[in-house]
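**Q** The structure's right below; bear with me while I get my questions together.
The values are calculated or read from the model by the stated rules, or taken from the named source; none is laboratory data. A quick note: this is a predicted structure, and the numbers were derived from the prediction, not measured. Cβ atoms come from the backbone with ideal geometry, glycine included; neighbour counts cover every protein chain shown. The accessibility values were calculated without ligands, DNA or RNA, using every heavy atom of the protein model including side chains. Shrake-Rupley method; radii C 1.70, N 1.55, O 1.52, S 1.80 Å.
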Amino acid sequence: MKFTRLFMRQFRNIESQTVDLNSGLNVFRGQNGQGKTNLVEALYLLTHGKSFRTNRWQDFINKNHSKGFYIGAKNSQNNLENTIEINSLNGKRRLLVNSKPSSSPRLRQKFPSLLFSPESLLIVKDSAQKRRDLIDDLCLSIFPSFAQIMSDFKKALKQKNGLLKKVRDGQIDEIQGKKINKNLTTILFEKGALLTHLRLQAIEEIEPLLLDEFLKIMDEHYGNISIRYFMSGQRTKVRTVDEISNAMYKRWSELGEREWASGVCLVGPHKHDIQFDFNGQEARFFCSQGQQRAIILAFKMAQTRIHYRAHREFPILLLDDVLSELDREKQMRFVNYLLSTEAQIFLTTTDATSIPQVASQSVFDVKEGVFAESDRLLTGGLSV
C-alpha cells in the first residue's frame, strides 16, 4: 500500500498544497513551526479519522478561512487506486473513501499507518488511554472483526453513560432506569469481553518480538520485556471470553451503586490498563526515559512485522521528529531498520544528516506551510 499524492486546502498553516509522494522514503526538512507536523497530521487523519494532536476539528482550519478545510489523498493498493477525503464545512465533517462515507475504524483497518512521534514515545508513563489505544491499534492490524466489536462496544458505552446521567439528574425514573441498565450492561459486557479477549491475544502475539526489536535499537544485552494487562487494578489471569465477562459482572456488583451516584460507567475495557515490565520491574518507574522510548519504538517495529505477516504488506510509517529523541548511533540503526522493511516512510526532521541516502527517496524543504521538492541530496547520511 502506497500513497501517491496528498492534497491539503486551508488546513492548519497550509493554504493550498498538492504533494506528489515517493513510494519509498519521503523526507520533510525545515525549522520548527513551518508545517512539517501538519503534513504528518493530515496523513494520520486520512488513515485514522482522527488527529494525534487535538480532538477539536476547528483547530484544523486555516486562520484565514472560517468555513472549513479539506485534505485528500490518492492511494495505490492491490493494483487499485483509492481516493480518501476528509472535509469540514460549517462544523460538519465527512470521511469519504471513493466518494462513499466511511468511519474511523474502517479507515484504520483499510489504510493502516503507524505513528512515531515524541508524544507517542511517552506512552509507557502517559495515561492509560494512550496504552489502550496502542493495543487497540495492534488489534486492528491483526483481527478483521475488531473494528466492528470496538464500534459496538463504544455505542453501548455511550448509551449506558447517557442513561446513568439521566437517572442521576432525575430525567428518568430510577426503577425504569435500572431495567434498561440491566439490558445495556449485558450488551456492554458481551462486547467488552470480546474486545478484552482480543487485546490479550494481541499482547501474546507481540510480546515475544519486543525484546528482539528493543535490542536492535539499543544494541546492548538486556534481560526481558513483558506486557501485563490489568482489569479493575488487578493483573488479569483470566483468558476466555466467559471468564472475562464473569470478572466484569463481579466487579459491577461491587461498583453498581457508585455508577448511579457518578452517572458514569465504571466497569469495562475502557477502564483497563496495560503495563510494560523491564527485567521484572515496572518500566514506568524503573526505566530511564531513553529506555522507555526504546520500548515504544520496539513495540511499533514489532507491530510492523506482525502487520506484514498478517497482510503481506506494510503499513505506512509516519515519523514526526522522532530522531531528535535518539542519540546519533541509535538514529542510524533505527532508520536503517525501517528502510529494510520496504514500507513507505514519511519522516520530518530539522536535521537530515543522520538519514541514509537511498534510491527511492524524495526530499522536501518546508517553509511557512509550503512544501517544495528539493533537488539537493541529503548530506552526511550513510548510504545503504
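**Q** Scan region 54-72 and give yes if some residue there is surrounded by 15 or more Cβ atoms within 10 Å (Cβ to Cβ) and basic (Lys, Arg), otherwise no.
**A** Within region 54-72 (the criterion being surrounded by 15 or more Cβ atoms within 10 Å (Cβ to Cβ) and basic (Lys, Arg)), the answer is no, since none of the residues qualifies.
**Q** Counting residues that are surrounded by 15 or more Cβ atoms within 10 Å (Cβ to Cβ), of a type in the set (S, T, N, Q) and in contact with a Gly (Cβ under 7 Å, 6 or more places away or on another chain), which strands (runs of 3 or more DSSP E) fully inside region 263-374 reach at least 1?
**A** 361-367
**Q** While we're looking at this one, here's another question. Being at pLDDT below 85, over 17 Å from residue 211 (Cβ atoms) and touching a strand residue (DSSP E or B) at 6+ places or on another chain (Cβ under 7 Å) narrows it down to one residue among 326, 339; which is it?
**A** Matching residue, one of 326, 339: 339.
**Q** Same structure, new question: Please determine whether any residue of region 74-81 is modelled with pLDDT of 90 or more and touching a helix residue (DSSP H, G or I) at 6+ places or on another chain (Cβ under 7 Å).
**A** no
**Q** Turning to a different aspect of this structure: Can you name every residue in region 45-82 that is touching a strand residue (DSSP E or B) at 6+ places or on another chain (Cβ under 9 Å), assigned to a loop (DSSP other than H, G, I, E, B) and over 26 Å from residue 4 (Cβ atoms)?
**A** Selection gives 64, 65, 67.
**Q** Could you give me the residue pairs with C-beta distances under 8 Å whose first residue belongs to region 1-28 and is under 20 Å from residue 349 (Cα atoms) and acidic (Asp, Glu), whose second residue is part of a strand (DSSP E or B) and modelled with pLDDT of 95 or more wherever it lies, and which are 6+ apart or on separate chains?
**A** Taking only residues 6 or more apart or on different chains, the pairs are 20/4; 20/5.
**Q** Quick check, is residue 238 modelled with pLDDT under 90 and of a type in the set (A, V, I, L, M, F, W, C)?
**A** yes
**Q** Let me ask you something else. Give the number of residues within region 185-233 that are among the small types (Gly, Ala, Ser), farther than 30 Å from residue 161 by Cβ and open to solvent by less than 10 Å² (accessible area, probe 1.4 Å).
**A** 0
**Q** I'd like to know if region 32-42 contains one or more residues that are at negative phi, in a loop (DSSP other than H, G, I, E, B) and either in contact (Cβ under 8 Å) with a residue 40 or more places away in the chain or in contact with a helix residue (DSSP H, G or I) (Cβ under 9 Å, 6 or more places away or on another chain) (or both).
**A** yes
**Q** Restricting attention to region 34-42, does a residue exist that is open to solvent by 60 Å² or more (accessible area, probe 1.4 Å) and modelled with pLDDT under 95?
**A** No, that holds for no residue.
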